[in-house]
1. Would you calculate the separation in nanometres between label points at L187 and E2, each defined as 7 Å from the Cα along the Cα-to-beta-carbon direction?
2. Across region 110-190, how large is the tail of the calculated P(r) beyond 19 Å, expressed as a percent of all Cα pairs?
3. Please sort 134-143, 168-177 by packing, taking for each peptide the average over its residues of neighbouring beta carbons within 10 angstrom, highest first.
4. So if each residue of separation counts as 0.36 nm, and I subtract the Cα-Cα distance between V145 and T119, what length gain in nm does that give?
5. For a label point 7 angstrom out from the Cα of T52 toward its Cβ, which stretches of region 138-166 have the backbone nitrogen within less than 12 Å?
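The numbers here are math on the coordinates, done by the rules we state, and not lab data. Fair warning: this is a prediction, and the values are worked out from it, not measured in the lab. In this analysis, Cβ positions are derived from the backbone assuming ideal geometry, glycine residues included, and neighbour counts consider all displayed protein chains.
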Amino acid sequence: MELTFFQLCMLGIIVALANVLGGLALLPLRFYRGHKELLKHMLALGAGFMLTVTFIEILPKTIQLWENPNSESKTASSIYVPMILLLAGYLLTQFFEHTIAPHIHIGEEKHSDYVIPTTSVYTVIVGLLIHAFFYGVSISAAYHVDSKIGTLMFIVVLVHKFPEGFTIASIVLSAGKGVKEVLISTLTVG
């Protein structure tokens, strides 16, 4: 089942709304304090679901597509390249998250003694814009490969975008900005 451009855009709008809702969930501080555990569990659910779909569905399909269908003998050496690319992508992500980008906790930066510069917020927003673009590409590409994988990729991104929304809100609030800036930032990235 191949989706039309309009249907893919509708999926993108749904994902964007999840991003905005995630940002709005952090705004009333009483909500955050009362539901801190729920937000942590949602973040864990998103990460766990993403890893599950990656290793159970996407990775085997990638290996299957990578192998030469014309070859009589399927060897283990044919999967080295995708495995090395997967490892390189993971290590690059870890490098940026733990070395280049500052570590921020969900909603806990709203302290008078800790405020990040506005330029850092803009840098994070640009990085997340690129991140969001590739999520859109991933959903579209997954639907072109297999409708089941496309649907799973859509759900993965949807579940991931809600916690990403409150991450964006957390960063914007830690720079001393308000509700308007949180809304603009989550809408932009969404």
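1. That separation, rounded to one decimal, is 3.5 nm.
2. On the way: 1395 of 3240 pairs.
Tail fraction, whole percent: 43.
3. Ranking the peptides 134-143, 168-177 by packing returns 168-177, 134-143.
4. Values: separation 26, 0.36 × 26 = 9.36 nm, distance 3.92 nm.
That works out to 5.4 nm of additional length.
5. 156
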